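Read the structure below first, then the notes.
The values are calculated or read from the model by the stated rules, or taken from the named source; none is laboratory data. From a predicted model like this one, the values you see are computed outputs, not experimental measurements. Glycine also receives a Cβ, built like all others from the backbone with ideal geometry; neighbour counts cover every protein chain displayed.
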Amino acid sequence: MAEMAVSFARDKLLSLLSNEAKLLWDLHTEFAEIKTELDFIQAFLKDADRRAEEEGDSTNEGIRTLVKQLREASFRIEDVIDEYLIFVEQQPDALGCAALFFECDITHFIEYLKRRHHIASEIQQIKSVVDGIMQRGKKYNFLRQPSVEQGQSSNAGSQSIQWHDPRIASRYLDEAEVVGFEGPRDELIDWLVEGPAERTVISVVGMGGLGKTTLASRVFNNQKVVGHFDFHAWITVSQSYTVEGMMRDLLKKLCKEKRENPPQDISEMDRDSLIDEVRNYLQQKRYVVILDDVWSVELWGQIKSAMFDNKNGSRILITTRKTGVVESCKNSPFDKVHELEPLSSEKSMELFYKKAFQFDFNGCCPDHLLNISSEIVKKCKGLPLAIVAIGGLLSGKEKTTFEWEKIRQSLNSEMEKNHHLIGITKILGFSYDDLPYYLKSCLLYFGIYPEDYKVKSTRLIRQWVAEGFVKDEGGKTLEDVAQQYLAELIGRSLVQVSSVTVDGKAKSCHVHDLLWDMILRKFKDLSFCQHISKEDESMSSGMIRRLSIATNSIDLVGSTESSHIRSLLVFSGKESALTDEFVQRISKKCRLLKVLDFEDGRLPFVPENWENLVHLKYLSLRPLGMETKSLTKFIGKLHNLETLDVRHATSMELPKEICKLTRLRHLLGDHMRLFQLKNSFGDMTSLQTLHQVNVDPDEEELINDDDVVELIRELGKLKNLRSLGLTGVKEGLGSALCSSINQMQNLEKLHIRSASNFYGFYMIDLPVISSLPMLRKLKLEGKLNKFPEWIPQLQNLVKLTLICSHLTEDPLKSLQNMPHLLFLRIGPLAYGGESLYFKDGGFMQLKELYLRYLSNLSSIIIDKGSLNSLETLHFEGIGALKTVPCGIQHLENLLVLHILDMPSEFEQCIAPEGGPEHSSIQHVPLVRIATSFGRKRIIHHSKSRH
């Protein structure tokens, strides 16, 4: 018996060892299979997403459960794939398991086997989970649900009318119910009934809910318009249109206006026949056709041949959410575009009162509801659709503070169940549903930021890249592709631009509050992110892919328990919110992080155990909560890092290990010191952004001039740099610096600041910089012996800033013919002369001009024909300038005049009450006068702008 027991145990052990060996040796095959499985799951999820769009709330609950389980399984597969790739990357080249045994000590070999076993076991578990999900799906018939055919989408659309669509009602509102559209209405009516004989396309563009349909209806039904045209037709296009369906609809309406029956065979006509019939009806008539809610950029090209241009003053009016549609419809210099803006605060309140108190208080708000009404309207951010819907809801409620406060606090949940508010969610959801798959995650990412948050575009784009949302396009950087994604979201009126760069790109952006609410509801269904912003908010069950913390009172330690979190962003803002325990646990509980962002949450320290975050691609440590002189050596182990942001840490010294980060694309800091890297920094050839590097050694550093020159020469190896910032540049470095900069043919932004002492800045010596074809922004801070001759040769420069240059000759004559210069800042102390002369024909593209602290400047002359495009003019601290420039009245396009800390004589000369030069600035709509001590004065002039 004993021998049989020993034999059985031996056989069992050998079997286990055999299975374990098979598990270990088959890892690479298992990895390939699970990667293929992920491709199929993602294809299924993409299809399920499309079906959910078509079926809406009618989607089977069982399918929703199945999709959720498969989505979580896909998360686990993504995680194990990343672990496998890091595992393979960390092994010695060309070493198998047996070879590793001989090459490494036993401790490392055992650790290798443990990691390999963990990955292999996880793959086996995932495969088992996926098989179980699929078997249950077949068992309960979830995988055999009929898909809605593309041709049936219009039927689905008609069924969806069961929910309350405010757009339908908006076409039939009484004139008294419409608020805030008086100006746009009159403009559109004028465009329709006046103007050229040629057929003209008029586009009204704006985000969903702004009232485009309401505005178009006010114009379409206006008696002046009705009487001006022979034929009138309103076509609601939407996403599911067909050209044949549109033409049949249009033909029927034209026949109805003529009081004729449509052709008997209209239902059998093909596209060409239908277009011919429509052309015949419109041939001799002046017509107006409204195409409401256009989504497709192909539409106009498909139907414009039917819209016969009979040179009789016919008009097409299009409403759309997408600027791409507008561009596709602009085929003539006569075509017009109206960008519909949100209602002002005053008009928003007026509209809300009309709806909320339509049955009470004679349409006026009682005193006890004034404050809460204001809070509710603020939430709508000028969106008429939301104001009307919420006002309509409250019109049927008791007019008590208690009742209204309950509604205000539960607006998000009310949108999911109240028929008045469901329409808002549906209409905003249309825009999301219409997005191509690759843009949906990009839009959802805005929900990670707090409500009303204005996110910098560069930050957003780098995080999209780190998340893997951006697909490679040959010949473009991932950042360029991401910029295209952002432009497309803006063009679809989903993302709003908060501020713009001088050359018109989005500098920062945000989404409307109601769209942000919709995104947060999507988070739950898609397991995309959890946004924690309330003190008592707890973590959701199930997998959390991303975590956004925007509160100071939450249990931050408990929030990091999910090992599947791939992104963590902290917006707490207070140092006390981030405990040492929380920071230490990040690498233990969230070791698969790709994005770790503390830009809006003060970080108390940087722990050594973060070296385990080997998947990290984006790391922002600013602002560091302590005075950190150096970054710890662990940073060199984060081999996948693409963005490192350590700004707002004083004089940051980077460890030499950072040179191992060969994938780093963006390195941002304030006065970073790189002398210890001078022999290896040039290997970081993936770098695109490098700001700011201090090349002026501290006195205690044993750095000689040759070491500085060697570091600067090594910068020349970074040929992919697009943005470079250097500080502490001393005389004698010019030759080496020019040589390095000339190697950077992709450079778009350059900032050089010279070293300084008690007496001021040193000389910037930049004798010869050859053509930099991509350079768009240049900032020089420091003395210049003379104005650099190479600057006017920068044909694509759009922004130039000169500070402390101490030039003695007027720099304008060198700059006036630069073809693309849009922004010019001179000062402080950039020019020591007494006069500046803007000659006729000079600076034809310049939009913004800043003149600051030019102590000797007493005269400015502006010729007529100069600065024709100038929109912003800023004077600051110019003590010798007693009056406005001679010729300022020629700046016909000037919109804003800023006057800060200027002499009292300057202010008096333009005073509205008797200032002798006031008439010369009367054409400027906005004049701001202020001092650093807080005194402000704003002068508004009315001016018609075209």
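Points worth noting:
- Breaking point among (1) aliphatic (A, V, I, L, M); (2) under 30 Å from P196 (Cβ atoms); (3) surrounded by fewer than 19 Cβ atoms within 10 Å (Cβ to Cβ), for V326: (3)
- Hits in the stretch 268-288 - residues which are of a type outside the set (S, T, Y), under 28 Å from D190 (Cβ atoms) and touching a helix residue (DSSP H, G or I) at 6+ places or on another chain (Cβ under 7 Å): V278, V288
- Yes/no for G865 being free of Cβ contacts under 8 Å to residues at least 60 places away in the same chain, in a loop (DSSP other than H, G, I, E, B) and under 12 Å from L812 (Cα atoms): no
- Pick from the stretch 329-346, criterion in contact (Cβ under 8 Å) with a residue 40 or more places away in the chain and among the small types (G, A, S), ranking: surrounded by the most Cβ atoms within 10 Å (Cβ to Cβ): S332
- Residue pairs meeting the criteria (Cβ under 6 Å; at least 6 apart or on separate chains; first at positive phi and modelled with pLDDT under 95, in the stretch 892-917; second part of a loop (DSSP other than H, G, I, E, B) and among the β-branched types (V, I, T)): D901/T931
- Unique residue being at pLDDT below 95 and touching a Lys or Arg at 6+ places or on another chain (Cβ under 7 Å) when the list is S723, S771, S740, S735: S740
- For the stretch 897-920, the candidate set comprises residues that are in a helix (DSSP H, G or I) and within 13 Å of I878 (Cα to Cα); within that set, the residue that is farthest from the chain's Cα centre (by Cα) is E905.
- Enumeration of residues in the stretch 230-249 that are more than 39 Å from the chain's Cα centre (by Cα) and within 10 Å of I275 (Cα to Cα): R248
- Check on K354, among the charged types (D, E, K, R), in the same structural domain as L370 (by TED's automatic domain parsing) and out of contact with any Phe, Trp or Tyr (no Cβ under 8 Å at 6 or more places or on another chain): yes
- Taking (1) touching a helix residue (DSSP H, G or I) at 6+ places or on another chain (Cβ under 8 Å); (2) surrounded by 13 or more Cβ atoms within 10 Å (Cβ to Cβ); (3) modelled with pLDDT of 80 or more in turn, F361 satisfies each apart from (1).
- Scanning the stretch 303-331 for residues that are assigned to a strand (DSSP E or B) and among the polar types (S, T, N, Q) turns up T319, T320.
- Filtering the stretch 291-302 for residues that are assigned to a loop (DSSP other than H, G, I, E, B), over 23 Å from N221 (Cα atoms), free of Cβ contacts under 8 Å to residues at least 40 places away in the same chain and not aliphatic (A, V, I, L, M) leaves a non-empty set.
- The stretch 347-367 residues that are of a type in the set (S, T, Y), paired with ones that are not in a helix (DSSP H, G or I) (beta carbon under 6 Å, 6 or more apart): S348/G382; Y353/C365
- Filtered residues of the stretch 825-850 (kept if within 12 Å of E871 (Cα to Cα) and either of a type in the set (K, R) or in a strand (DSSP E or B) (or both)): K847, E848, L849, Y850
- Among (1) more than 21 Å from V204 (Cβ to Cβ); (2) touching a Lys or Arg at 6+ places or on another chain (Cβ under 9 Å); (3) outside any loop (DSSP other than H, G, I, E, B), the one test that L370 misses: (2)
- Within the stretch 645-669, being modelled with pLDDT of 85 or more, outside any loop (DSSP other than H, G, I, E, B) and not aliphatic (A, V, I, L, M) holds for D645, K656, E657, C659, K660, H666, G669.
- Members of the stretch 786-795 found to be surrounded by 14 or more Cβ atoms within 10 Å (Cβ to Cβ), assigned to a loop (DSSP other than H, G, I, E, B) and of a type outside the set (A, V, I, L, M), listed by number: F787, P788, W790
- Flag for G682 being among the small types (G, A, S) and in a strand (DSSP E or B): no
- Number of positions in the stretch 817-838 that are buried (at least 16 other Cβ atoms within 10 Å of the Cβ) and in contact with a Ser or Thr (Cβ under 6 Å, 6 or more places away or on another chain): 3
- Of the helices (runs of 4 or more DSSP H) that lie entirely inside the stretch 180-244, those containing 1 or more residues that are free of Cβ contacts under 8 Å to residues at least 12 places away in the same chain and charged (D, E, K, R) span 182-193.
- Filter result for L802 (closer than 25 Å to V924 by Cα and modelled with pLDDT of 95 or more): no
- Taking the criterion of being assigned to a loop (DSSP other than H, G, I, E, B) and among the hydrophobic types (A, V, I, L, M, F, W, C), the residues of the stretch 756-783 that qualify are F758, I764, L766, V768, I769, L772, M774, L775.
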